[in-house]
Amino acid sequence: MVDLASLRPVEGRASAAPSDRHARAIAEHRRSRGLGVVFWLSASWLTLVIVVAAFAPLLGLVAPDESDWMALKAPIGSENHILGTDPLGRDVLSRVIYGARVSLTVGFTAPAIGVGIGLVLGLAAGYYRGWVDEIIGIAIDSWLAIPGLVILLLFSVLYGGSLFMVCLSLGLLFIPSAARITRAATLTCTGREYVIAARALGASDLRIITREVFPNIIWPLLAFVMIDIPIAIVVEGSLSFLGLSVQAPTPSWGGMISEGREYLEASPHLSLVPTAVMFLTVLSFNLAGDAMRKRVSGGRSGAI
Amino acid sequence: MRYLLGRVQRLLIVLLVVTFSTFLLVSVLPGDVAYQIGGMDASEAEIAEIREELGLNQPVVLRYLEWLTRLAQGDWGRSLLTGESVWSMIIERVPISLELMLLAQVMALAIAVPAGILSAWRPNGWADRFITSLGFACVSMPGFMTAILLIYFFSLHLGWLPATGYEPLSAGLWANLKPMILPALSLALVEWTVLMRTLRAEMITTLQENYISLARAKGMSTTRVLLAHALRPSSFSLVTILGLQVARLLGGAIILEQIYGIPGIGRLLIHAVYTRDLIVIQGCVTFFALTYVIVNFLVDLAYAWLDPRVREARAHG
């Protein structure tokens with residue numbers, strides 16, 4: 001009888017020597033124990049960005065909207081302006097740091113809003129089923145039928161581009177996915193014995209939802225928030241690139257990239273510096289989130 | 001059959017909800033359409049007249065039904081700015097956006113399918129790690145950033161491709177394709193990751209099936225096992241994702257059309273947003289929703305056709 005399992009390509013070569021296999025198992029174990037170098041690198045970058053953005057006014061920087069008329073479009077490494085200046089003589093470093101405040105605020109607030117509302121909807125749909133489920137399902141499908149950016153464009157026409165509105169409207173985009181995940185988790189959960197037991201003991205729906213179901217579904221949902229943060233930053237970047245997020249003179253990464261587009265040939269750093277910073281930040285959020293998810297779920301990754 | 005009917009019903013309801021909500025949003029706007037048409041210095045009497053003429057005094061549900069009937073007859077309204085028919089504005093630009101999205105999707109698939117297969121062949125091997133890392137980098141790079149970098153290298157540094165512009169097909173196939181390559185690539189470089197991950201995950205599962213082990217036990221070459229046996233049964237999710245991605249692609253195309261100056265439907269929408277041309281905005285949103293619904297229905301069809309088990313399971317489920 002051929003041992004089918006040993007032929008599986010995913011398990012590695014069946015002929016691997018025992019010692020080799022042993023060494024690999026140890027390496028695997030070591031790798032799975034810690035969060036890895038990549039995680040710590042990402043976490044360090046994120047800490048740097050967050051701390052610098054939070055304490056921006058205390059860093060003794062030039063104000064982001066202050067023009068230095070003696071140095072217009074200064075290149076990287078100029079005196080007084082490490083990362084150069086833009087065509088209005090504004091310091092790029094200072095603008096990137098102040099721009100981080102917008103990106104991070106949106107990055108943390110929008111997913112929180114979306115997941116908060118999605119959680120309630122998903123719980124209701126998964127717990128009550130029936131027509132509640134049906135109506136919420138239709139609402140979510142309809143929400144998904146319009147590209148997210150279009151919804152945001154619509155909101156920016158209707159309500160203008162204040163930081164609050166950007167956070168709120170972006171938050172609404174995260175409702176469908178959060179609601180779906182919550183609903184699925186709730187469905188599995190409500191069939192479990194402890195829920196049935198609680199119901200048999202005469203617990204009210206509200207009590208069952210808050211005390212039995214909620215603690216069991218909150219963790220997968222929180223892992224999900226980690227994916228939403230970089231997405232929120234990217235979408236805010238797209239919006240401000242189009243000039244529909246926070247309005248000038250407040251600096252934002254997308255806005256800086258867009259403004260630098262005209263000078264791409266002579267002063268590429270105007271676009272490339274905020275591009276690099278934004279890329280590193282989004283990448284770090286993705287990598288850190290993935291490492292944490294891997295750790296929680298035991299080795300599976302890449303679930304974006 | 002019952003499964004498909006159920007889907008059609010659901011999609012129609014979705015369409016109604018979407019159009020009604022956009023209609024509601026646009027019509028509750030402060031300073032409604034009448035003020036826009038009448039202009040800044042129109043008197044109250046003139047405004048009232050325009051309102052009467054447009055039927056703006058009727059309840060919103062009635063107006064929606066009327067709008068819907070006209071929509072069904074092909075009357076999508078007229079632009080507040082140019083007076084041009086919204087339908088012809090949209091239809092004129094659709095082929096351009098469609099070309100961009102198709103080109104992007106083909107490029108994305110061309111990258112994603114080989115990458116996904118290679119990655120699933122030895123999960124956690126060097127190829128898989130390289131591809132997964134590359135995917136992370138690409139996903140962290142929104143379309144407009146990729147676009148800036150591509151323009152910087154290919155247009156400004158190397159001078160191979162134009163940075164912006166559009167040529168109609170009548171100017172020749174290459175002339176038409178040339179300015180489309182960078183925008184499509186910008187879109188594809190973001191989208192391929194999702195496709196690759198989907199294929200990779202499903203392929204890893206497929207490769208653990210017994211018939212794969214049997215094929216290998218027969219001495220079949222790895223390439224043949226991967227391409228002939230594992231690829232087709234692993235591509236169901238890929239097909240679904242292709243459908244779901246239409247909304248994402250539309251969203252991505254909007255911003256890229258703006259950057260590369262392609263006169264597609266995304267540019268129309270953004271222009272309408274900048275100029276607050278509500279009727280055009282409404283038309284575009286309706287069109288997007290319609291596209292999404294139709295594409296998803298086609299995906300459902302394809303799905304049922306690819307895998308007969310789905311028809312049975314879903315009809316009873």
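The values are calculated or read from the model by the stated rules, or taken from the named source; none is laboratory data. If you're wondering where the values come from, they're calculated on a predicted model, not measured in any experiment. All Cβ positions, even for glycine, are placed from backbone atoms using ideal geometry, and neighbour counts span all protein chains on display. Surface areas here come from the heavy atoms of the whole protein model, side chains and all, with no ligands, DNA or RNA. Shrake-Rupley method; radii C 1.70, N 1.55, O 1.52, S 1.80 Å.
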Which members of the range B:203-221 meet the condition of being in a loop (DSSP other than H, G, I, E, B) and at the interface with another protein chain (Cβ under 8 Å from one of its Cβ atoms)? B:L207, B:Q208
Might you check whether a residue that is more than 24 Å from the chain's Cα centre (by Cα), outside any helix (DSSP H, G or I) and among the small types (G, A, S) occurs anywhere in the range B:227-248? no
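Residues that are more than 10 Å from chain A (Cβ to nearest Cβ) and open to solvent by 30 Å² or more (accessible area, probe 1.4 Å), at least 3 per element: which helices (runs of 4 or more DSSP H) completely within the range B:82-179 meet that? Full working, then the answer.
On the way: elements: B:86-121, B:126-139, B:143-150.
Answer list for the range B:82-179: B:86-121, B:126-139.
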Is it the case that some residue within the range A:248-259 is among the acidic types (D, E), under 30 Å from A:P87 (Cβ atoms) and within 14 Å of another protein chain (Cβ to nearest Cβ)? yes
Kindly indicate whether A:G107 is within 14 Å of chain B (Cβ to nearest Cβ), buried (at least 20 other Cβ atoms within 10 Å of the Cβ), touching a residue at least 60 places away in the same chain (Cβ under 8 Å) and under 28 Å from B:F288 (Cβ atoms). yes
First in the range B:97-121 and closer than 30 Å to B:S221 by Cβ, second anywhere and open to solvent by 50 Å² or more (accessible area, probe 1.4 Å) and not in a helix (DSSP H, G or I), Cβ under 6 Å, 6 or more apart: none
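Within the range B:231-250, which residues are more than 17 Å from B:T291 (Cα to Cα) and open to solvent by 50 Å² or more (accessible area, probe 1.4 Å)? Reasoning before the result, please.
The first filter runs over the range B:231-250 and keeps only residues more than 17 Å from B:T291 (Cα to Cα), leaving B:231-238.
Scanning the range B:231-250 gives a single hit, B:R232.
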Scanning the range B:268-287 for residues that are more than 8 Å from every other protein chain (Cβ to nearest Cβ), over 21 Å from A:L144 (Cβ atoms) and surrounded by fewer than 22 Cβ atoms within 10 Å (Cβ to Cβ) gives B:H271, B:Y274, B:T275, B:I279
For residues that are surrounded by 24 or more Cβ atoms within 10 Å (Cβ to Cβ) and out of contact with any Gly (no Cβ under 9 Å at 6 or more places or on another chain), scanning just the range B:251-267, find the one that is nearest to the other protein chains (Cβ to nearest Cβ). B:I265
Mind checking which residues of the range A:257-266 are open to solvent by 10 Å² or more (accessible area, probe 1.4 Å) and either under 21 Å from the mean Cα position of the chain (by Cα) or among the small types (G, A, S) (or both)? A:S258, A:A266
Unmet criterion (only one of (1) in a helix (DSSP H, G or I); (2) of a type outside the set (A, V, I, L, M, F, W, C); (3) exposed (fewer than 14 other Cβ atoms within 10 Å of the Cβ); (4) more than 27 Å from the chain's Cα centre (by Cα)) for A:Y127: (3)
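Would you call A:F224 touching a residue at least 60 places away in the same chain (Cβ under 8 Å), open to solvent by 70 Å² or more (accessible area, probe 1.4 Å) and assigned to a helix (DSSP H, G or I)? Give the derivation first.
Details: touching a residue at least 60 places away in the same chain (Cβ under 8 Å): yes; open to solvent by 70 Å² or more (accessible area, probe 1.4 Å): no; assigned to a helix (DSSP H, G or I): yes.
No.
So which residues in the range A:114-138 are of a type in the set (A, V, I, L, M, F, W, C), out of contact with any helix residue (DSSP H, G or I) (no Cβ under 7 Å at 6 or more places or on another chain) and within 16 Å of B:Q9 (Cα to Cα), if there are any at all? I'd like the intermediate steps shown before the answer.
Taking the range A:114-138 as the starting set, the residues that turn out to be of a type in the set (A, V, I, L, M, F, W, C) are A:115, A:117, A:119-121, A:123-125, A:131-132, A:135-136, A:138.
Subset that is out of contact with any helix residue (DSSP H, G or I) (no Cβ under 7 Å at 6 or more places or on another chain): A:120, A:131, A:135.
Across the range A:114-138, the qualifying residues are A:W131, A:I135.
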